[in-house]
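Let me begin by presenting the structure, written as structure tokens, before commenting on it.
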Amino acid sequence: MAIVTSIEKDLDRLIRSPNPTMTSCTYLVGEFEGVRMIQLDTAGSADRKMPGKTSQTQQFTSGSAHQLYRILKSEFGFKD
């Protein structure tokens, strides 16, 4: 688990192919010491020893979540 503090585009590398593993993602929202956070949890794939068990966890503060929002808007052309 990690708290994402900033997001930067890696201009030196490209995604060469999509990852063949598919999984689901859930999110939780909470507040700790006055800081609102969102947590994204991905589950282990069906091929794992314990399918469905939380595999990766990322927590975003308001600042890093807003940064991700702007990136998604820009990269996918989302409109408000």
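Here are the numbers:
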| item | result |
| --- | --- |
| Relative contact order of the chain, defined on C-alpha pairs under 8 angstrom at six or more residues apart (%) | 32 percent |
| Choice from R70, R13, R36 with maximal GNM fluctuation in the chain (Cα, 10 Å cutoff) | R13 |
| Karplus-derived 3J(HN,Hα), 6.51/-1.76/1.60, for each residue of region 21-27, Hz, glycine and proline x | 7, 9, 8, 9, 9, 10, 9 |
| Calculated [θ] (222 nm, deg cm²/dmol) that DSSP helices of n ≥ 4 give over the chain, each run adding -39,500 (n - 2.57) | -6000 deg cm²/dmol |
| Long-range amide H partners of G44 with built H, under 5 Å | G52, K53, T54, S55 |
| Size of charge dipole - the chain - debye, nearest 20, with Cβ of Lys, Arg +1 and Asp, Glu -1, no other charges | 240 debye |
| Accessible surface of the chain, 1.4 Å probe, proportion on carbon and sulfur as whole % | 55 percent |
| Surface accessible to a 1.4 Å probe, per residue, for the residues of the chain, Å² | 89 Å² |
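The values are calculated or read from the model by the stated rules, or taken from the named source; none is laboratory data. Since the structure is predicted, the reported quantities are computational estimates derived from the model, not experimental observations. Every residue, glycine among them, receives a Cβ derived from its backbone with ideal geometry; neighbour counts consider all protein chains shown. These accessible areas exclude ligands, DNA and RNA; they are computed on the full protein's heavy atoms, side chains included. Shrake-Rupley method; radii C 1.70, N 1.55, O 1.52, S 1.80 Å.
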